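Rule-based calculations on the coordinates, nothing more; no lab input. What you see is a predicted model; the values in this text were computed from it and never measured. Positions of Cβ are generated from backbone atoms using ideal geometry, with glycine treated the same way; all protein chains shown enter the neighbour counts.
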Amino acid sequence: MEFQKASPGFYDTYVDTVHNFVFYTGLEALSGTAGENLSVNELLVVAVPNIKGLVLKSLFWRIAISVLFTLIIIAAFFVTVRTMLRQKKLAEIKNDFINNMTHEFKTPIATISLAVDAMRNEKVLQDRTKLGYFSSIIKEENQRMNRQVETILKASQLEKQEVDLSLKPVHVHEVIKDVVDNFVLQLQEKEGMVEMQLDATADLINADEVHFSNLVNNLVDNAVKYSKENVPPVIRVSTKSNGKHFTMRIEDNGIGMNKDTVKRIFEKFYRAHTGNVHNVKGFGLGLSYVKAMVEAHDGDIKAESVLGKGSVFTIDLPLSKS
């Protein structure tokens with residue numbers, strides 16, 4: 001005779017072996033006990049419903065912790081790699097800056113040294129014209145070094161946000177004309193020209209005259225420096241206004257820039273690769289200064305360029321309400 005005892009729902013669970021787990025074990029009286037050889041052998045069948053769900057539930061926190069640690073390790077690896085790349089970039093920038101600075105100061109120092117040596121010559125000492133010529137060279141090169149020092153100091157002040165603007169009403173057209181006049185000789189040497197189309201009906205803005213003049217000067221200077229070899233530079237400066245904003249556009253026919261360069265030109269110390277053009281000097285601070293000054297005047301600057309065809313810089317500034 002066979003006796004069976006089953007829990008409610010056992011047979012349904014027992015039959016579904018796809019989703020459930022069935023375990024068999026024999027039950028026998030232990031050796032040396034009172035029931036040895038007296039009780040019948042029994043078979044215990046255990047059916048565990050939804051075994052996968054139970055396993056996942058029991059392992060949930062372990063899996064969650066493992067995933068969390070995995071994400072932490074991946075994040076740490078990403079941060080480490082990014083930090084290493086950034087450190088490498090900073091090292092390259094530092095080396096470029098030191099090289100540029102050494103070159104920028106070495107050239108005027110050498111020129112001043114040569115001028116001083118020439119002034120010691122007896123023939124030169126007796127010729128007041130030549131003395132004046134060499135003195136002017138020394139003064140010019142000294143001013144050049146002062147400008148370079150000022151550029152570095154301005155960059156330091158911008159980094160610390162210590163620049164205080166002395167805002168007052170300024171006519172932009174007058175500033176543009178003054179800046180362009182300063183480049184007449186350089187453009188004549190290259191047989192170039194500046195075309196001005198100052199169509200803005202209103203050009204009065206609240207600006208720091210010195211800093212605003214510097215940012216316009218930097219843009220025109222870049223247009224001259226990055227001109228093509230054996231091609232006369234043509235710089236077009238145009239303006240317009242719409243009642244609330246003043247827009248200035250500076251366009252050149254220079255060597256231009258690729259898309260990657262355009263994205264980075266406003267970064268501090270960044271200098272575009274100029275290929276075979278080796279006469280371009282500077283610290284890579286000009287355009288970062290320009291952007292900082294435009295934003296300090298509540299304006300916006302945008303750069304567009306096509307490699308080999310030239311570049312366009314567009315500046316939008318709020319007009320003075322007075």
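Below are the figures for this structure:
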read-out	value
Rounded, prolate or oblate (a/c below 1.5 giving rounded, otherwise prolate when a/b exceeds b/c) for region 204-269 by Cα gyration tensor	prolate
Long-range HN-HN contacts of A47 with modeled amide H, under 5 Å	F23
Peptide ranges 195-204, 231-240 listed from the most packed, as the mean C-beta count within 10 angstrom indicates	231-240, 195-204
Debye log10 I(q)/I(0) at q = 0.14 Å⁻¹ for region 167-318, Cα point scatterers	-0.65
Taking N as its residue count, the alpha carbon Rg of region 44-141 over 2.2 N^0.38 Å	2.97
Protection proxy ranking, peptides 131-142, 310-321, average beta carbon neighbours within 10 Å, highest first	310-321, 131-142
Integer Hz, Karplus 6.51/-1.76/1.60 couplings in order for region 47-62, x for Gly and Pro	10, 9, x, 6, 4, 5, x, 5, 5, 5, 5, 6, 9, 4, 5, 5
Cα→Cβ-extended label distance, 7 Å offset, between T111 and I51, nm	8.8
Prolate/oblate/rounded label for region 163-221 (Cα gyration tensor, a/c 1.5)	oblate
